[in-house]
């Protein structure tokens, strides 16, 4: 890998520990509509599409209200995840100061992404932001769209940082190096290792130190 000129980040589980917040907001929105409990596993099994896809899968007869309620609960419950992971803001600031391009590719919908970036005071940090689709996963396409916008940056100067096995596969499909983020309590390091990412880090500090010699 050549010197890193661009870093594309995932959001949930990479920038912040937002997964418990997402599950809580889904449960608050969906259970009153379908009048039964939904498990974490049921909710997580729908991930890939954006939140709209989860509502469509679990409460299809209440789609509009489900989406509106989810976003309302997501915002009002954001105190569950009031800040990014420790050192993330410092890491992003360091990269920006060094002239490294920063973008965001997330499976989250546009509205919830905006809510979280505002909460974390990171609204101005990413040059390009690609969000998810209710129709299904689109990260390889989203990464490719950002690559096409980058000037004087080749694929081997770009990394994608994400916490899920699908992030490694998306990186590979888009032709960029994969950095597996295993620092969230929700990460599954064994599954990440099994896919042989280009790099895997168990702490943000470890990732930060690696970046310092790569840029």
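Every number in this text was worked out from the coordinates using simple rules, so none of it is lab data. Since this is a predicted model, take the numbers as computed values, not measurements. FYI the Cβ positions are ideal-geometry reconstructions off the backbone, even for glycines, and counts take in every protein chain you see.
Remarks
- Label point at residue 127 placed 7 Å out along Cα→Cβ; residues across segment 158-196 whose backbone nitrogen lies under 19 Å: 158-161, 175-177
- Per-residue ellipticity at 222 nm from helix content only, as computed over the chain with -39500 (n - 2.57) for each DSSP H run of at least four residues, stands at -13500 deg cm²/dmol.
- Distance between modelled label sites at residue 3 and residue 141, nm, 7 Å Cα→Cβ extension: 3.5 nm
- Shape category assigned to segment 1-127 from the gyration tensor of Cα positions, a/c cut at 1.5: prolate
- Share antiparallel - DSSP beta bridges, the chain, percent rounded to 5: 5 percent
- When the square roots of the Cα gyration tensor eigenvalues are ordered a ≥ b ≥ c, the ratio a/c for segment 136-204 is 1.5 or more and a/b exceeds b/c, which makes its shape prolate.
- Between helix 110-119 and the chain: long-axis angle, C-alpha atoms, 0 to 90°, nearest 10: 70 degrees
- Each peptide in 132-143, 25-36, 47-58, 88-99 was scored by the mean count of other Cβ atoms within 10 Å over its residues; highest first, the order is 47-58, 132-143, 25-36, 88-99.
- Mean separation of Cα pairs under 8 Å and 6 or more residues apart, divided by the residue count, gives the chain a relative contact order of 27 percent.
- Given the choices [x] 16.1, 45; [y] 17.0, 54; [z] 18.1, 61, Rg and Dmax of the Cα atoms in Å derived from the coordinates of this structure is entry [y].
- Projected over every direction and averaged, the convex hull enclosing the alpha-carbon atoms of segment 19-80 yields 3.6 nm².
- Helix 139-149 and the longest principal axis of the Cα set of the chain meet at an angle near 50°.
- Cα centroid separation - segment 1-21 against segment 140-190, whole Å: 8 Å
- Here the residues 111, 202, 70, 160, ranked from fewest to most Cβ neighbours within 10 Å of their Cβ, fall in the order 202, 111, 70, 160.
- Helix 63-76 vs. the chain, principal-axis angle (Cα, 0 to 90°, nearest 10): 60 degrees
- Counted by neighbouring Cβ atoms within 10 Å, the residues 105, 213, 153, 176 run from fewest to most as 213, 153, 176, 105.
- Label-point separation in nm, residue 215 to residue 80, each point 7 Å along Cα→Cβ: 3.2 nm
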